[in-house]
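The block underneath contains the structure these notes are about, expressed in structure tokens.
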Amino acid sequence: MSFAVPQKLEAELDELTTHYPQKRSASLMFLHGLQEHFGYLSKEAIEWTARKLELQPINVYELVTFYPMFRQEPVGKCQIKICRTLSCALGGAYELREHFCQRLGLDAHSHGPQHTTDGRFTVEFVECLASCGTAPVVMCNDDFYEGVTPQKADELIKKLG
């Protein structure tokens with residue numbers, strides 16, 4: 001299967017480069033656009049970005065691997081991100097992740113993002129979601145939830161499933 005960016009998206013990305021003094025400055029916007037369209041950033045998408053912006057692939061890989069919002073593998077329809085930084089850890093984030101994993105049939109002791117076999121959910125730890133006073137916090141796709149208890153987690157799974 002060959003990688004192809006839809007003509008409309010490519011035109012939008014090309015137009016973006018006109019807003020920057022150098023093509024490479026549009027790198028993050030390219031990556032956001034491609035991820036939004038494809039759901040993740042494949043090796044082909046990263047290399048396509050490098051060619052379009054006249055960069056070496058490593059210049060794009062540096063961005064993709066540095067910023068946690070970029071994904072290099074497909075994720076479930078509902079991506080559950082659980083903050084694990086200090087306030088959330090003290091507020092029960094590790095127990096909350098274990099609860100989500102148990103309810104969704106995932107291995108609570110496995111590291112990295114985990115996906116349900118039906119592709120509906122991805123559960124992963126992330127760094128700071130910037131709401132330390134309302135720990136533990138969770139993002140489900142673009143929705144933000146504060147003070148998430150196991151009961152709230154069950155409600156989220158039911159609502160999003």
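Quick notes on this one:
- Enclosed volume per residue, in Å³, of the convex hull spanned by Cα atoms of segment 64-113: 100
- Taking the accessible area of segment 1-154, probe 1.4 Å, and keeping the other protein chains in place, the carbon and sulfur fraction comes to 52%.
- DSSP assigns beta bridges within segment 44-147; of those with both partners inside it, close to 55 percent run antiparallel.
- Note on the chain: helix-only mean residue ellipticity at 222 nm, from DSSP H runs of 4+ residues weighted -39500 (n - 2.57) and normalised by residue number, equals -13000 deg cm²/dmol.
- Around the amide H of Phe121, modelled in the peptide plane, lie the amide H atoms of Lys77, Cys78, Thr116, all under 5 Å away and 5 or more residues distant in sequence or on another chain.
- Extension reserve of the Asp142-Leu86 stretch, reckoned as 0.36 nm per residue once the Cα distance is removed: 17.9 nm
- Cα gyration tensor shape of segment 11-64, rounded if a/c is under 1.5, else prolate or oblate by comparing a/b with b/c: oblate
- Radius of gyration (Cα atoms) of segment 1-141, expressed as a multiple of 2.2 N^0.38 Å: 1.21.
- Here the simple spin-label model places points 7 Å from the Cα toward Cβ, and for Phe66 and Arg51 these points are separated by 2.5 nm.
- Stokes-Einstein diffusion coefficient of segment 70-161, Kirkwood radius over Cα pairs, 10 °C, 1.306 mPa s, in µm²/s: 124
- Neighbours of Gln79 by Cβ distance under 9 Å: Lys/Arg scored +1, Asp/Glu scored -1, total +2.
- Low-density loop cleavage sites - GluC sites (Glu not before Pro) in segment 18-63, where at most 15 other Cβ are within 10 Å (DSSP): Glu54
- Added length on full extension, which subtracts the Cα-Cα distance from 0.36 nm per residue, Leu16 to Thr149: 43.7 nm
- Rolling a 1.4 angstrom probe over the protein heavy atoms with all chains in place gives the chain an accessible area of 60 Å² per residue.
The values are calculated or read from the model by the stated rules, or taken from the named source; none is laboratory data. Treat the numbers as computed from the prediction; the structure is a model and nothing was measured. Virtual Cβ from ideal backbone geometry, glycine too; neighbours counted across all protein chains shown. Quick note on the areas: whole protein, heavy atoms, side chains included, nothing else; ligands and nucleic acids left out. Shrake-Rupley method; radii C 1.70, N 1.55, O 1.52, S 1.80 Å.
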